[in-house]
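Here, each number is a calculation from the coordinates, and none is a lab measurement. A quick note: this is a predicted structure, and the numbers were derived from the prediction, not measured. Cβ coordinates were reconstructed from backbone atoms using ideal geometry, including for glycine residues, and neighbour counts include every protein chain displayed.
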């Protein structure tokens, strides 16, 4: 597994641009948490961020009037080789917690 500290620090810690999403969760109305998933793809590591929000109104309050446009902090952009500019929103249809 690759060392993700370079990306988790900009996502979770306060930097010169302000608090990261994970450290600001108490300040973001409707933010319910996130998961940072990784997969080794040859020499690169692909990252997937899954964030949970109370409602689409909460997403819009965070992301602005175009919630399909990715919000990526400058600190994270600095360490990513590439990233998607578009995000997709889903509603949870089924949640099955493990034992």
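A few notes on this one:
- Taking label points 7 Å from Cα along the Cα-to-Cβ direction, residue 82 and residue 99 give a separation of 4.3 nm.
- Computed extension gain for residue 66 through residue 89, at 0.36 nm per residue and net of the alpha carbon distance, reaches 7.1 nm.
- Extending 7 Å from Cα along the Cβ direction at residue 35 and again at residue 48 yields two label points whose distance is 0.9 nm.
- When the alpha-carbon atoms of segment 44-88 are used, the pair Rg, Dmax equals 11.7, 35 angstrom.
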